[in-house]
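Asks: The structure under discussion is supplied below as structure tokens; questions concerning it will follow.
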Amino acid sequence: MTELYDFIKSIHSINEDDYQLLTEDLRTRQFKKGEHITQPGQIERQIFFVRSGVQMYHFEAFEKLNILGFAYPPNFCAIPESFLLQKSARYYLTCLTDSELDYLSFEKLQHLFDKSQQIERLFRKLSEAVTVGLINRQIELRSTTIEERFKSFCQRSPHLLQLVPHKYIAAYLAIDPTNFSKLFNSVKF
């Protein structure tokens, strides 16, 4: 059917009827490069499905930019703890490129959970995947060399090397920008 359907099925196999139910009320929003989707203090009221573009999760502390992650098609995109708990966000979700995102409101998604056990299970499995990903990221940051982190990133998301400023990738990998540049120019992946 679509790239989104294939992505959803990779998380949890839902049938076409449930996929139709999930997507029939999707709305589309355009964001410009540099535009914030969510800012600290805002409550994330929508969950987004990335059609195009790259988004970045980030905050600044002690005059240092901290990059938590990136989103790109066909992933979901939201500040999970703000969306799930309907509490104020503590960091930014910003478009690094012009972006097109489909979205569902929190209320609509809760309604869909009541209508479809498969949709509810899909989002439970998505939440589990996010949790496991965050744990794995923390382990990677604390137990690997900068070269190993760089190579791992290049295997996971090589296309981002062309789409995301290298200073952001370096910050995400907790690598000094000078060292990142050296790795970029010397490491074969």
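Asks: Measuring from label point to label point, each 7 Å out along Cα→Cβ, what is the T145 to T131 span in nm?
Replies: For the pair T145/T131, the computed spacing is 3.5 nm.
Asks: Additional query: From the backbone phi of the stretch 24-30, what are the Karplus-calculated ³J(HN,Hα) couplings (6.51 cos²θ - 1.76 cosθ + 1.60, θ = phi - 60°) in whole Hz, Gly and Pro given as x?
Replies: Along the stretch 24-30, the couplings run 5, 9, 4, 10, 10, 10, 9 Hz.
Asks: A follow-up question, please. Between Q138 and Y5, what length in nm is gained on full extension when 0.36 nm per residue of separation is reduced by their alpha carbon distance?
Replies: 44.9 nm
Asks: I would also like to ask the following. Among H58, H36, H159, which one shows the biggest mean-square fluctuation in a GNM of the chain, springs joining Cα atoms closer than 10 Å?
Replies: Fluctuation is largest for H159.
Asks: Give a quick list of trypsin sites (Lys or Arg not before Pro) in the stretch 28-65 that DSSP marks as loop, anything other than H, G, I, E or B, with at most 11 other Cβ atoms within 10 Å.
Replies: The qualifying sites are K32.
Asks: GNM, the chain, Cα, under 10 Å: largest mean-square fluctuation among S157, S52, S88?
Replies: It is S157.
Asks: Relative to 2.2 N^0.38 Å, what does the C-alpha radius of gyration of the chain come to as a ratio? Two decimals please.
Replies: Normalised Rg, Cα atoms only: 1.07.
Asks: Mind running the shape call on the stretch 72-119? Use the C-alpha gyration tensor, a ≥ b ≥ c as the square roots of the eigenvalues: rounded below 1.5 for a/c, prolate if a/b tops b/c, oblate otherwise.
Replies: It comes out oblate by the Cα gyration axes.
Asks: Tell me what the chain gives for mean residue ellipticity at 222 nm when only DSSP H runs of n ≥ 4 count, each as -39,500 (n - 2.57), the sum divided by the residue total, rounded to 500 deg cm²/dmol.
Replies: -14500 deg cm²/dmol
Asks: Oh, and also: Over the alpha-carbon set of the stretch 39-141, divide Rg by the Kirkwood Rh and report the Rg/Rh ratio to two decimals.
Replies: For the stretch 39-141, the value is 0.97.
Asks: While we're on this one: Taking a probe of 1.4 angstrom, what is the accessible area of D17 in Å², to the nearest 10?
Replies: 120
Asks: Turning to a different aspect of this structure: Calculate what fraction, in whole %, of the accessible area of the stretch 32-169 sits on carbon and sulfur atoms when a 1.4 Å probe is rolled over the protein chains.
Replies: The value for the stretch 32-169 is 52 percent carbon and sulfur by accessible area.
Asks: Ok, one more. Assuming R0 = 35 Å, can you tell me the calculated FRET efficiency for the pair L68 and E16, based on Cβ-Cβ distance, to the nearest 0.05?
Replies: Computed FRET efficiency for L68 and E16 comes out at 0.55.
Asks: Now a separate question. Considering only protein heavy atoms, what per residue accessible area in square angstrom results for the stretch 40-189 with a 1.4 angstrom probe?
Replies: Here the residues of the stretch 40-189 average 55 Å² of exposed surface.
Asks: Relative contact order of the stretch 74-180, please, whole-number percent, based on alpha carbon pairs below 8 angstrom and at least 6 residues apart.
Replies: Here the relative contact order equals 15 percent.
Asks: What nm distance separates the two modelled labels at E100 and E35, each placed 7 Å from Cα along Cα→Cβ?
Replies: Placing both labels 7 Å along Cα→Cβ, they lie 1.3 nm apart.
Asks: Right, something else. At a threshold of 8 angstrom on Cα-Cα distance, excluding pairs fewer than six apart, so keeping six or more, what relative contact order does the stretch 124-189 reach in percent?
Replies: Across the stretch 124-189, relative contact order equals 33 percent.
The values are calculated or read from the model by the stated rules, or taken from the named source; none is laboratory data. Predicted model, so just to flag it, every value in this text is computed and none were measured. Positions of Cβ are generated from backbone atoms using ideal geometry, with glycine treated the same way; all protein chains shown enter the neighbour counts. Only protein heavy atoms, including side chains, enter the accessible area calculation; ligands, DNA and RNA are left aside. Shrake-Rupley method; radii C 1.70, N 1.55, O 1.52, S 1.80 Å.
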